[in-house]
Amino acid sequence: MEPVAGVVSTWNDDEGWGVLASQRTPGGCWCHFSALSMGGLRTLSPGTSVEFSYETAEQDGYSYRAVEAWPAGQRHRAPAPEHGGSVSFSTITLHLDPEDATD
């Protein structure tokens with residue numbers, strides 16, 4: 001699904017979630033801080049322009065739930081894999097030789 005443009009309606013840092021408004025999500029789209037694709041402290045402020053992808057799901061009285069969201073034009077990570085997808089990691093191995101150690 002293509003991301004949609006919206007605005008943060010409300011955000012509650014203590015509870016870690018808020019509501020995003022857009023024409024595509026009438027009644028608002030529930031968003032948890034874990035869906036935020038941004039560096040640093042993952043929080044939003046009411047009135048902030050955002051982009052987000054969402055799914056149809058009942059969540060705390062809302063018909064839509066954000067899958068990924070970020071401040072407009074500031075996406076910081078690749079989208080999460082779809083359900084059933086996979087994630088790959090690189091491994092680095094470090095070998096220490098005690099004879100190379102210095103006092």
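Tabulated results
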| quantity | calculated |
| --- | --- |
| From the options G28, G39, G18, residue that is under 15 Å from the mean Cα position of the chain (by Cα) and at pLDDT 95 or above | G18 |
| Cβ pairs under 6 Å, 6+ apart, first in the stretch 46-61 and outside any loop (DSSP other than H, G, I, E, B), second surrounded by fewer than 12 Cβ atoms within 10 Å (Cβ to Cβ) and modelled with pLDDT under 95 | S53/M1 |
| R42 being in a loop (DSSP other than H, G, I, E, B) and surrounded by 13 or more Cβ atoms within 10 Å (Cβ to Cβ) | yes |
| Checking T56 against (1) modelled with pLDDT of 95 or more; (2) buried (at least 17 other Cβ atoms within 10 Å of the Cβ), the condition it does not meet | (2) |
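The values are calculated or read from the model by the stated rules, or taken from the named source; none is laboratory data. This structure is a prediction, so every number in the text was calculated from the model and none was measured. Quick reminder, even Gly has a Cβ in these numbers, built from the backbone with ideal geometry, and neighbours come from all protein chains shown.
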